[in-house]
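Each remark here refers to the structure printed beneath this line.
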Amino acid sequence: MTTQAKLDRDSLLNILSKADMNALRVALYQQTGDPELSAMNVELAGRPGNPYKIFRVSDSDREVLLAKAADYLSSTAAPLHMNPSKTEVGHLLEVFEGTKLNDSVIQAGYEELAFGGFKRAAEWPSKKSIGKLPDDFKVLIIGAGFSSIVCAIQLDSLGIDYQIIERQPNFGGTWCWNTYPDARVDITSFLYNFTFEVDYPWNHTFAPREELEDYIAYMVDKFDLRNRAQFNTKVTHAQWDENLAKWHVDIEDQDQQTETHSANILLSASGLFSTPKLPDIKGIENFKGKMFHTTAWDHSFNYENKRVALIGTGSTGSQLLPKVAPATQSMTVFQRTPNWVAPVPAYRDQIIEERKWLLKNMPAYSNWNRYTFISASMRNETFLKLDRNWQAKGGYINEKNDLLRDMLTKMIQHKMAPKPELIDKLIPDFAPLSRRIVIDNGFYDALLRDNVEMVCDGISHITESGIVDSLGVEREFDLIILAAGFEVERYLWPVDYVGRDGASLEKLWSHDGARAHMTMTLPGFPNFFMMYGPNAGVKSGSFHSIVEMLSKYICNVITSMVDNNASSIEVRREAYTEYNQTLDLAMKDLLWEHENGGGNSYYINKHGKSGVNIPFTSTEFYDYIREPDLQQFIFK
């Protein structure tokens, strides 16, 4: 065992009782091989009226499991089997899931669990390949968020030179922008990290921004990335040079000093949430009070006892409202479209000490704890699929999604009973998950406050002193907060990219919006890659896992180019077209376009296409990007 100090049995049993029982069962089975553990009665179960299900160990088996785990942790046994083979992991995964699994699921799970170290590291095709790398070969990375960090780590391990250009003053990507009160992730911290740092000691179940800053700094310093980044610098123009097989990239620093960099590979890691969106409201420039976007929060402005307006009730607006409202004289919330808001009881909680102890001391538990969330999110992919038979019987989307809708509707009715006039205004007319679901940070409780008013009549215009709604009512404010989100549809904006023979993104994407081959490459743009490009939004799993996979794919394409003694590589147009035709076909079976993205959400572009999310299951997309098919590329 790995305990720092011996604990008495009652203390151990108390700690173990706080564990996820299925994760504990498989972690203990991994250590002991006890067949009684693998044979335990485990089933997917949920509460009545709740469509979400989790693995539950039967009560009788639970007591046996706790006793066996306490016996193990009381022993002097050293951790075993901490680097199991893929075959061994496959067996463990089948014990965890209680069913047979195919090779793709097992391989993805083997990488996800990451026993023995990072399983998604890019590699050179052979030991001789690195000797073909030109001395002046360089990769230029645009952006310094999580996508950039993992790409930098991959390139470092390959011995490939690179530089990062970032317009913000530090690493962090969207978390450099979002400094508004109570900013935090809306997925569990256990998924919001890289697999090669599975044991990172999170303090919160859902990390606040400050803890994310610490995590980012930890990663950057551990892998010594700071001296590779140039901050407060923006890219303005990038041009492909066919003769030199290089990109010439114009940059401008905060003093408006310009220079041009040349690179063999240009990699955009600017991300999805990089360009703030300003609402198109008549007279917005006339307001004489204080106004700022949530991505440019003015911490010098004291909103206490002020009259405050909040425009927007998406993830950001809903998240900051409960923090800001209590300090104001009055808070008026302008809602255009209601969102489905999901309750998460532990959203603001710190991770309890017993759980921290388990994560640190029970061998393999941290890996299986993380995989518990991966597994659950993969099961939830079915919420998005249109069930034609269910619809033919009068259902709306599918049984699970309709049940979720009913559950969330009842929550609104219950929560807002003290203000019944708001109930209908808060119930969306589209299915849950048609647009990004909002995690409840106390949104409904904030709306019940005496100093909070909600306006759903629309905004006519903004005056020097306030906002006039569509009914002609003017309200005066000291501060207007713009929680309008990001220009998600404008991929790679505002950089002007010019590819081979003058190829432009505007022309390539003029027909139906931004697209890419497997989210990463574009015809006409050699040696250019995107991290988290069009249709890269995952249906399940972890953002960090996806960018690990994408970075491996991109770096393996680069090393293959070098190994083939080529100076450029470009995706074939027919491969790009065929992939997107398959994507469009798969999209027809899902609710996003069927529900028009929940109405005016960034899930649907101006052409009516879903340009953000992946329609494929996590396993299907993993199969696409598991290894690059080099036949789909042109080497020169």
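The values are calculated or read from the model by the stated rules, or taken from the named source; none is laboratory data. Predicted model only: the values in this text are computed from it and were never measured. Glycine also receives a Cβ, built like all others from the backbone with ideal geometry; neighbour counts cover every protein chain displayed. When the accessible area is computed, the model is the full protein with side chains, heavy atoms only, and any ligands, DNA or RNA have been set aside. Shrake-Rupley method; radii C 1.70, N 1.55, O 1.52, S 1.80 Å.
Observations, loosely collected:
- Single residue of Ala327, Ala346 found to be within 23 Å of Ala207 (Cβ to Cβ) and either out of contact with any Phe, Trp or Tyr (no Cβ under 9 Å at 6 or more places or on another chain) or surrounded by fewer than 18 Cβ atoms within 10 Å (Cβ to Cβ) (or both): Ala346
- Near pairs, Cβ below 6 angstrom, 6+ apart or cross-chain, from the stretch 53-71 (free of Cβ contacts under 8 Å to residues at least 40 places away in the same chain) to any residue that is open to solvent by 50 Å² or more (accessible area, probe 1.4 Å) and assigned to a helix (DSSP H, G or I): none
- The residue that is nearest to the chain's Cα centre (by Cα), counting only those in the stretch 495-513 that are part of a helix (DSSP H, G or I) and touching a residue at least 12 places away in the same chain (Cβ under 8 Å), is Leu505.
Rundown of residues vs (1) more than 26 Å from Leu133 (Cβ to Cβ); (2) at pLDDT 95 or above; (3) open to solvent by 10 Å² or more (accessible area, probe 1.4 Å), yes/no style:
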| residue | (1), (2), (3) |
| --- | --- |
| Val538 | yes, no, yes |
| Gly541 | yes, no, yes |
| Ser545 | yes, yes, no |
| Tyr553 | no, yes, no |
| Asn596 | yes, no, yes |
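- Neighbours by Cβ (under 9 Å, 6+ apart or cross-chain): first from the stretch 109-136, under 18 Å from Cys555 (Cβ atoms) and aliphatic (A, V, I, L, M); second open to solvent by 50 Å² or more (accessible area, probe 1.4 Å) and assigned to a helix (DSSP H, G or I): Ala121/Ser157; Ala122/Ser157
- With respect to the conditions (1) closer than 29 Å to Asn596 by Cβ; (2) under 28 Å from the mean Cα position of the chain (by Cα), Gly458 falls short on a single one, namely (2).
- Within the stretch 382-420, being closer than 27 Å to Phe443 by Cβ and among the aliphatic types (A, V, I, L, M) holds for Leu384, Ile397, Leu403, Leu404, Met407, Leu408, Met411, Ile412, Met416, Ala417.
- Of all residues making up the stretch 613-632, the number that are buried (at least 18 other Cβ atoms within 10 Å of the Cβ) and in a loop (DSSP other than H, G, I, E, B): 5
- Of all residues in the stretch 83-96, those being assigned to a loop (DSSP other than H, G, I, E, B) and more than 27 Å from Arg56 (Cβ to Cβ) number 2.
- When the stretch 555-565 is filtered for residues that are crowded, with 22+ Cβ neighbours inside 10 Å and in contact with a Lys or Arg (Cβ under 7 Å, 6 or more places away or on another chain), only Val562 remains.
- Of everything in the stretch 521-538 that is part of a loop (DSSP other than H, G, I, E, B) and among the hydrophobic types (A, V, I, L, M, F, W, C), the residue that is nearest to Gly499 (Cα to Cα) is Phe525.
- Condition check for Phe206 on (1) in a helix (DSSP H, G or I); (2) at pLDDT 95 or above; (3) under 20 Å from the mean Cα position of the chain (by Cα): one failure, at (1).
- Residue within the stretch 514-527 that is among the basic types (Lys, Arg), under 15 Å from Phe621 (Cα atoms) and either within 26 Å of the chain's Cα centre (by Cα) or crowded, with 21+ Cβ neighbours inside 10 Å (or both) present: no
- Pairs meeting the criteria (first residue in the stretch 379-394 and closer than 20 Å to Val105 by Cα and of a type in the set (Phe, Trp, Tyr), second residue at pLDDT below 95 and assigned to a loop (DSSP other than H, G, I, E, B), beta carbons under 9 Å, at least 6 apart or on different chains) are Phe383/Pro51.
- Filtered residues of the stretch 294-313 (kept if buried (at least 21 other Cβ atoms within 10 Å of the Cβ) and under 25 Å from Asp457 (Cβ atoms)): Thr294, Val308, Ala309, Leu310, Ile311, Gly312, Thr313
- The combined condition, being open to solvent by 10 Å² or more (accessible area, probe 1.4 Å) and either of a type in the set (Phe, Trp, Tyr) or within 25 Å of His511 (Cα to Cα) (or both), is fulfilled by Phe635.
- Options Thr179, Thr205: the member that is within 28 Å of Val324 (Cα to Cα), open to solvent by less than 50 Å² (accessible area, probe 1.4 Å) and touching a Ser or Thr at 6+ places or on another chain (Cβ under 7 Å): Thr205
- Residue count for the stretch 566-586 satisfying the condition of being free of Cβ contacts under 8 Å to residues at least 40 places away in the same chain and crowded, with 19+ Cβ neighbours inside 10 Å: 0.
- Any hit, the stretch 211-220, residues being of a type in the set (Ser, Thr, Tyr), closer than 21 Å to Ile546 by Cα and surrounded by fewer than 17 Cβ atoms within 10 Å (Cβ to Cβ): yes
- 1 or more residues of a type outside the set (Val, Ile, Thr) and open to solvent by 40 Å² or more (accessible area, probe 1.4 Å): qualifying strands (runs of 3 or more DSSP E) within the stretch 369-476: 452-455, 459-462, 474-476
- Candidates are the residues of the stretch 490-500 that are open to solvent by 30 Å² or more (accessible area, probe 1.4 Å) and more than 15 Å from Trp247 (Cβ to Cβ); the one that is modelled with the lowest pLDDT is Arg490.
- Restricting the first member to the stretch 77-105 and to residues that are touching a residue at least 12 places away in the same chain (Cβ under 8 Å), and the second to residues that are assigned to a loop (DSSP other than H, G, I, E, B) and of a type in the set (Gly, Ala, Ser), the beta-carbon pairs closer than 6 Å and six or more apart or on different chains are Asn83/Gly116.
- Test: Ala77 is surrounded by fewer than 17 Cβ atoms within 10 Å (Cβ to Cβ) and part of a loop (DSSP other than H, G, I, E, B): yes
- Residue count for the stretch 252-293, restricted to those that are open to solvent by 70 Å² or more (accessible area, probe 1.4 Å) and either closer than 20 Å to Arg336 by Cα or among the acidic types (Asp, Glu) (or both): 7
- Condition met for Tyr52 (open to solvent by 20 Å² or more (accessible area, probe 1.4 Å), of a type outside the set (Gly, Ala, Ser) and either part of a helix (DSSP H, G or I) or under 17 Å from Trp368 (Cα atoms) (or both)): no
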